[in-house]
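Note sheet for the following structure.
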Amino acid sequence: MGAGESGSAAGRFGPTHALILLIAVLGLGTGLFLAGTELETVFALLGGCGAIGAATLTAAGGGRRLMSLLVEAAVRSGAGK
């Protein structure tokens, strides 16, 4: 590792990564729709990409991070936020 580089920081999924993925998914969906792909097909393709991404993050992170996000989302939705 280089100077000032920690082992745990190299594998983090942060807000910048989430924004990049959001823009990529929106761009891909828009491009497919403008190319004439049916809307149901666009949703199915993007849903499949999301499922693969979630499975990859779960496998890479040991599932702790994803589970904490799901629990936090459930608590927030139960609280009406």
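Report, ordered by the first and then the second residue, all pairs with beta carbons closer than 9 Å, sequence separation of six or more or different chains, a first member in the stretch 1-23 that is farther than 18 Å from residue 61 by Cα and in a loop (DSSP other than H, G, I, E, B), and a second member that is of a type in the set (A, V, I, L, M) and modelled with pLDDT of 50 or more.
Taking only residues 6 or more apart or on different chains, the pairs are 1/10.
For the stretch 24-81, which residues satisfy the criterion of being basic (Lys, Arg) and either over 18 Å from residue 12 (Cα atoms) or part of a loop (DSSP other than H, G, I, E, B) (or both)?
Just the residues of the stretch 24-81 that are basic (Lys, Arg), to begin with: 64-65, 76, 81.
Of everything in the stretch 24-81, those that are basic (Lys, Arg) and either over 18 Å from residue 12 (Cα atoms) or part of a loop (DSSP other than H, G, I, E, B) (or both) turn out to be 76, 81.
Looking at 10, 18, can you tell me which residue is open to solvent by less than 90 Å² (accessible area, probe 1.4 Å), at pLDDT below 70 and not basic (Lys, Arg)? Lay out the reasoning, then the answer.
On the way: 18 fails: at pLDDT below 70.
Answer to the check: 10.
The values are calculated or read from the model by the stated rules, or taken from the named source; none is laboratory data. This is a predicted model, so every value here is computed, not measured. Virtual Cβ from ideal backbone geometry, glycine too; neighbours counted across all protein chains shown. Side chains included, ligands, DNA and RNA excluded: accessible areas come from the protein's heavy atoms. Shrake-Rupley method; radii C 1.70, N 1.55, O 1.52, S 1.80 Å.
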